[in-house]
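The values are calculated or read from the model by the stated rules, or taken from the named source; none is laboratory data. This is a predicted model, so every value here is computed, not measured. Because the Cβ atoms are built from the backbone with ideal geometry, glycine has one as well, and the counts that use them run over all protein chains shown.
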Amino acid sequence: MSGDKFFELWVYLAATPLAGLTITLVAYTVGFAIYMHAKLHPLANPVLIAVIAIVISLRVGDVAYGTYFAGAQFVHFLLGPAVVGLAVPLARAWPTVSRLSVPVAGALAAGSAVALGLAVGIAWALGASPGTLASLAPKSVTAPIAMGIAERIGGVAALAAVFTVATGIIGAGLGKLVFDKVGVRDMRARGFALGLAAHGIGTARAFQVSAEAGTYAGLAFGLHGVLAAVLLPYIWRLTQLLAGKF
Amino acid sequence: MSPFLAGVTWLLLFQCAGEVVSRVLGLPVPGPVVGMLLLFIALRVRDRVPDSIGAAADALARHMSLLFVPAGVGVMMYFGRLAGEWLPIAVALVVSTVVALAVAAITFAALARRAERAEVVAPETEQ
């Protein structure tokens with residue numbers, strides 16, 4: 001094949017949805033194989049590996065994100081049914097979960113307040129711009145919810161999605177270390193914290209470690225998503241009013 | 001029809017229902033989350049999870065991390081902005097996530113221990 005013909009074929013393939021979809025699945029499959037090979041080591045996170053590999057490939061091939069997303073959107077779309085499906089582990093575990101309403105409510109309130117307050121507070125103290133702050137605020141809830149919240153409070157939806165995924169990778173990566181350090185061995189508590197602080201990526205990690213941890217992660221993930229979607233826009237307006245007073 | 005296909009169809013139907021409820025009532029909660037709540041109620045009312053919905057939901061949950069890859073690749077559009085603000089963003093993300101993990105885990109474990117001790121001491125009050 002001559003150079004020109006090869007270039008034409010490349011231009012054609014890179015512009016079809018097939019390329020974006022295929023590279024997403026190939027990169028994730030490779031990332032997951034490395035994760036398995038590393039015996040589920042939390043730092044060998046398959047999402048992190050896949051994102052790095054795809055960004056490098058797109059840069060090298062000079063492909064725009066929009067072109068890539070035209071194919072990758074089919075994967076992205078499945079987040080919707082996956083969130084709906086979280087009702088299943090929750091319904092299965094309900095008889096035990098319902099007896100733990102106090103720990104669930106307490107951990108949800110304390111954890112979500114810390115995640116939101118510290119993220120925005122630290123970034124503000126270190127001089128981040130208002131648009132970045134508003135995009136950071138919902139970073140602990142899952143990408144589709146975080147994008148909606150960020151837009152409502154004056155952030156950038158796509159940037160919020162990036163912060164969300166980064167948070168998920170950080171949480172899934174450091175969770176085991178943190179829980180061992182603070183001496184929490186209860187699998188329910190570890191799972192709940194992962195789902196709360198690191199949404200779907202933390203939940204996926206919890207399911208890979210134990211079904212019990214995964215169930216509590218899914219519970220925290222769902223509850224935190226609902227809580228943030230309902231309350232965060234009002235909390236944000238309140239802090240803006242208070243900030244205006246001083 | 002294969003159980004998996006039937007299960008995916010149910011999940012999409014509940015997502016559609018959630019989307020409709022969210023739009024019509026003007027809720028701040030996104031459609032899929034409302035769909036999750038509706039499906040949860042339906043499963044509790046029936047008191048069992050049909051194999052089809054279980055198979056589809058389990059398959060999606062096992063590979064949920066794959067579904068975040070396209071959004072994560074979006075980082076490439078913001079290299080400029082991130083280069084200028086990388087320090088506050090990185091410190092904020094890491095510190096807030098680590099502390100939230102610790103606080104949530106410690107709170108849950110402590111409150112669960114207390115709740116379970118109360119049950120052992122006075123099981124009859126549970127009834």
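Summary table below
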{"quantity": "The listed residue being more than 7 Å from chain A (Cβ to nearest Cβ), buried (at least 24 other Cβ atoms within 10 Å of the Cβ), of a type in the set (A, V, I, L, M) and farther than 22 Å from A:Ala193 by Cβ, out of B:Val69, B:Val45, B:Val34, B:Val73", "calculated": "B:Val34"}
{"quantity": "Matching residues in the range B:48-93 - criterion: being closer than 30 Å to A:Ala123 by Cα and out of contact with any helix residue (DSSP H, G or I) (no Cβ under 7 Å at 6 or more places or on another chain)", "calculated": "B:Phe79, B:Gly80, B:Arg81, B:Ala83, B:Gly84, B:Trp86, B:Leu87, B:Ala90"}
{"quantity": "Which listed residue, of B:Ala56, B:Ala112, B:Ala61, is within 17 Å of the chain's Cα centre (by Cα) and either more than 30 Å from A:Ile56 (Cα to Cα) or more than 7 Å from chain A (Cβ to nearest Cβ) (or both)", "calculated": "B:Ala56"}
{"quantity": "Residue check for A:Ala166: over 28 Å from B:Arg44 (Cβ atoms), in a helix (DSSP H, G or I) and in the same structural domain as A:Ala198 (by TED's automatic domain parsing)", "calculated": "yes"}
{"quantity": "Index of the failed condition, A:Val182 passing every other in (1) facing chain B (nearest Cβ under 7 Å); (2) touching a residue at least 12 places away in the same chain (Cβ under 8 Å); (3) surrounded by fewer than 24 Cβ atoms within 10 Å (Cβ to Cβ)", "calculated": "(2)"}
{"quantity": "Test set (1) surrounded by fewer than 24 Cβ atoms within 10 Å (Cβ to Cβ); (2) of a type outside the set (Lys, Arg); (3) under 26 Å from B:Phe40 (Cβ atoms); (4) over 17 Å from the mean Cα position of the chain (by Cα) - A:Phe77 fails condition number", "calculated": "(4)"}
{"quantity": "Qualifying residue in the range A:206-229 (condition: modelled with pLDDT under 85 and over 13 Å from the mean Cα position of the chain (by Cα))", "calculated": "yes"}
{"quantity": "Members of the range A:195-205 that are under 11 Å from the mean Cα position of the chain (by Cα) and either within 8 Å of chain B (Cβ to nearest Cβ) or surrounded by fewer than 24 Cβ atoms within 10 Å (Cβ to Cβ) (or both)", "calculated": "A:Leu196, A:Ala197, A:Ala198, A:Gly200, A:Ile201, A:Thr203, A:Ala204"}
{"quantity": "Qualifying residues in the range A:101-127 (those that are crowded, with 22+ Cβ neighbours inside 10 Å and facing chain B (nearest Cβ under 7 Å)) - the one farthest from B:Leu101 (Cα to Cα)", "calculated": "A:Ala123"}
{"quantity": "Meets criteria (among the hydrophobic types (A, V, I, L, M, F, W, C), assigned to a helix (DSSP H, G or I), farther than 18 Å from A:Ala143 by Cα and in contact (Cβ under 8 Å) with a residue 40 or more places away in the chain) for B:Ala6", "calculated": "yes"}
{"quantity": "Wholly enclosed helices (runs of 4 or more DSSP H) of the range A:1-69 bearing at least 3 residues at pLDDT 90 or above", "calculated": "A:17-37, A:46-61"}
{"quantity": "Count - residues of the range A:53-109 that are assigned by TED's automatic domain parsing to the domain that holds A:Glu212 and basic (Lys, Arg)", "calculated": "2"}
{"quantity": "Condition broken by B:Phe14, with the remaining ones in (1) aromatic (Phe, Trp, Tyr); (2) touching a residue at least 12 places away in the same chain (Cβ under 8 Å); (3) surrounded by fewer than 20 Cβ atoms within 10 Å (Cβ to Cβ) satisfied", "calculated": "(3)"}
